[in-house]
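To start, the structure under review is shown below, and the notes come after it.
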Amino acid sequence: MLFEKKQKNVFLIEALVLLGLFFGGSLGLAQSSGWVVKKNIPTARSWASSCLLNGKIYVIGGTTGTHYTASAVGTMEVYDPALDSWDTTKADMPTKRVEFCAAAVNGKIYVIGGALNHPGSPFGTVEEYDPSTDSWDTDKTPMPTARKGAAWGVISNKIYVAGGTRYSNYSPSDKLEIYDPSTDTWDVTKATMPKAVYDPAGTVINDTFYVIGGLIGSPWVGQKTVQIYDIATDSWSTGADLIYGRPGHTADVLSGKIYVIGGDPQSVMIRVLEEYDPFLDSWEEIDQTPHGITVHTSTVFENKIYVISGSTNDIFNLTPTTAVYSYDPMVSSVPQNNFMPGVFVLHQNYPNPFNPRTIINYELPTTSYVELTIYNMLGQKVATLVNERQQAGNHQVEWDAGQLSSGVYYYRIEAGEFQDVKKMILLR
């Protein structure tokens, strides 16, 4: 009888998990009207890079494949935000690549590093594009430390490249190297980052280089770390952590604040858009993306962030999209507490897999009595995280698995007539 009861519990939990897969799977707030749909990019791709030059956005490289091992393309397509149109006639990048840097300096575009595909060995190749002649110069000094998945930013007409990985196994790098296009030389003497990271996002405010999030290697677990480089003192410091650790994201600056968009830390598409105020050294959840997006590219033009292409699924199940959006935070800058959920939602835990702590988010559209419990594979209750009446709104609970053994666990919520279950993995 005991075995039969346990089996019934397992079947019930599995059925609820399957139900949850159809309605859950992303972290997010209510989407605002700050997002505007733009003309689709002609070539759907992931891991492309982009930059703004002469009022136009150049989108270069990436992969059109649906598997993370898919080979790169050299395709370059140019978007005119004023006309909402695409030009597909430009010369392709000579060296096909993914996970590379692309920056505009003194009227030309420089592409640096990358790899032929996501698991491929990095290279240090540097190429220069001249839009006046629609031609590429491949005779440039390679990056001393060949890398893919690095962060980059431009300060005083020099390109700062930090982090990434030098290996095909994703082991992160702490290197900072600076390229001067005017002399075609690299400076390798600068201070290394406090924490080596792969696939962070980079951006610049007031001659200060920010390296945000990323990975510390396999497994694919996002980091919250914010590392800040001061060029005057050649020194690094750390800022307040991201709310959600993430790789596969982008970071852009508008009106002195940093906006972090997208990413997938472990098959969970993060839709929450975070805003960083460097004066307060604080992060705030302000909005969500129209859909889950990762390994996309983004560029700022006239106080709007243009989010282009990428994958609507995690990197192991790439689903390249042609979608292009502009985002205006001034239209949608609403404090998190003003977002009121319209329906009950139980989100996927993060990180997942985890060791030994993980975070569970859920949303209540009305004041409800909430019970949030954890079960093992046998259907036995191992923890009760919430057992109380709670106000409507967004809620977050951290679970510490303590001394429990590795394996599959389930978390179940009951709130009024709403019930849902999701699966998580404790991996020690």
Residues of region 248-290 being crowded, with 20+ Cβ neighbours inside 10 Å, of a type in the set (Ser, Thr, Tyr) and within 13 Å of the chain's Cα centre (by Cα), which ones?
Thr250, Tyr259, Thr289
Yes or no: Asp207 modelled with pLDDT under 95 and closer than 27 Å to Asp277 by Cβ?
yes
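When you look at Lys195, is it of a type outside the set (Asp, Glu), assigned to a loop (DSSP other than H, G, I, E, B), under 19 Å from Ala251 (Cα atoms) and under 27 Å from the mean Cα position of the chain (by Cα), yes or no?
yes
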Can you spot a residue in region 406-420 that is touching a Gly at 6+ places or on another chain (Cβ under 6 Å) and within 27 Å of Gly263 (Cα to Cα)?
yes
Of the numbered conditions (1) within 25 Å of the chain's Cα centre (by Cα); (2) over 23 Å from Ser298 (Cβ atoms), Ser135 fails exactly one; give the number of that condition.
(1)
Residue hits (region 147-183; at positive phi and modelled with pLDDT of 95 or more) are Gly149, Ser156, Asn157, Gly163, Gly164
Filter result (under 19 Å from Thr95 (Cα atoms), touching a Pro at 6+ places or on another chain (Cβ under 6 Å) and not in a loop (DSSP other than H, G, I, E, B)) within region 134-164
Trp136, Lys148
Can you run down the residue pairs with Cβ atoms below 8 Å, 6 or more apart or on separate chains, where the first is in region 380-404 and in the same structural domain as Tyr350 (by TED's automatic domain parsing) and the partner is in a strand (DSSP E or B) and acidic (Asp, Glu)?
Thr384/Glu371; Val386/Glu371; Asn387/Glu371; Gly393/Glu363; Asn394/Glu363; His395/Glu363
Residue check, Tyr68 against (1) buried (at least 18 other Cβ atoms within 10 Å of the Cβ); (2) under 23 Å from Ser173 (Cα atoms); (3) at pLDDT 95 or above; (4) among the hydroxyl-bearing types (Ser, Thr, Tyr), all met but one. Which one?
(3)
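Looking only at region 335-344, decide whether some residue is modelled with pLDDT under 90 and closer than 30 Å to Ser71 by Cα. Steps first, answer last, please.
Let us first name the residues in region 335-344 that are modelled with pLDDT under 90, namely 335-344.
Restricting the remaining residues to those that are closer than 30 Å to Ser71 by Cα gives none.
Looking for residues that are modelled with pLDDT under 90 and closer than 30 Å to Ser71 by Cα, one finds none in region 335-344, hence no.
Are any residues in region 243-262 under 15 Å from Gly163 (Cβ atoms) and not polar (S, T, N, Q), and if so, which ones?
Filtering region 243-262 down to residues under 15 Å from Gly163 (Cβ atoms) leaves 245-251.
Gly245, Arg246, Pro247, Gly248, His249, Ala251, listed by residue number.
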Given the conditions (1) surrounded by fewer than 20 Cβ atoms within 10 Å (Cβ to Cβ); (2) in contact (Cβ under 8 Å) with a residue 40 or more places away in the chain, every one holds for Pro122 apart from (1)
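If you check Phe301 against the conditions, is it in contact with a Pro (Cβ under 7 Å, 6 or more places away or on another chain) and either aliphatic (A, V, I, L, M) or not assigned by TED's automatic domain parsing to the domain that holds Phe354 (or both)?
Working: in contact with a Pro (Cβ under 7 Å, 6 or more places away or on another chain): yes; either aliphatic (A, V, I, L, M) or not assigned by TED's automatic domain parsing to the domain that holds Phe354 (or both): yes.
Spelling it out, Phe301 is indeed in contact with a Pro (Cβ under 7 Å, 6 or more places away or on another chain) and either aliphatic (A, V, I, L, M) or not assigned by TED's automatic domain parsing to the domain that holds Phe354 (or both).
Among the aliphatic types (A, V, I, L, M), over 10 Å from the mean Cα position of the chain (by Cα) and assigned by TED's automatic domain parsing to the domain that holds Tyr58: is that true of Ile293 in this structure? First the steps, then the outcome.
Values: among the aliphatic types (A, V, I, L, M): yes; over 10 Å from the mean Cα position of the chain (by Cα): no; assigned by TED's automatic domain parsing to the domain that holds Tyr58: yes.
In short, no.
When the residues of region 200-241 are narrowed to those that are outside any strand (DSSP E or B) and touching a Lys or Arg at 6+ places or on another chain (Cβ under 7 Å), which ends up surrounded by the most Cβ atoms within 10 Å (Cβ to Cβ)?
Filtering region 200-241 down to residues outside any strand (DSSP E or B) leaves 200, 206-207, 213-214, 216-221, 223-225, 231-234, 239-241.
Now restrict to residues that are touching a Lys or Arg at 6+ places or on another chain (Cβ under 7 Å): 213, 225, 234, 241.
Values: Gly213: 28, Thr225: 20, Asp234: 11, Asp241: 14.
Only one residue fits best here, namely Gly213.
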Among the hydrophobic types (A, V, I, L, M, F, W, C), over 26 Å from His296 (Cβ atoms), at pLDDT 95 or above and surrounded by 15 or more Cβ atoms within 10 Å (Cβ to Cβ): does that describe Trp186?
yes
Residue among Gly113, Gly107, Gly120 that is modelled with pLDDT of 95 or more, more than 17 Å from Asp139 (Cα to Cα), in the same structural domain as Glu302 (by TED's automatic domain parsing) and not acidic (Asp, Glu)
Gly107
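If a residue has to be touching a helix residue (DSSP H, G or I) at 6+ places or on another chain (Cβ under 6 Å) and under 17 Å from Pro351 (Cα atoms) to count, how many in region 380-420 make the cut? Explain how you work it out, then say what you get.
As a first pass, look at region 380-420 and keep what is touching a helix residue (DSSP H, G or I) at 6+ places or on another chain (Cβ under 6 Å): 410, 420.
Imposing the further condition that a residue be under 17 Å from Pro351 (Cα atoms) reduces the set to 410.
Selection size over region 380-420: 1.
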Inspect all residues belonging to region 273-284 and state whether any of them is within 24 Å of Tyr68 (Cβ to Cβ) and either of a type in the set (A, V, I, L, M, F, W, C) or out of contact with any strand residue (DSSP E or B) (no Cβ under 6 Å at 6 or more places or on another chain) (or both).
no
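The values are calculated or read from the model by the stated rules, or taken from the named source; none is laboratory data. Quick caveat, the model's predicted, so the values are computed rather than measured. Glycine gets a Cβ as well: all are built from the backbone with ideal geometry, and neighbour counts include every protein chain shown.
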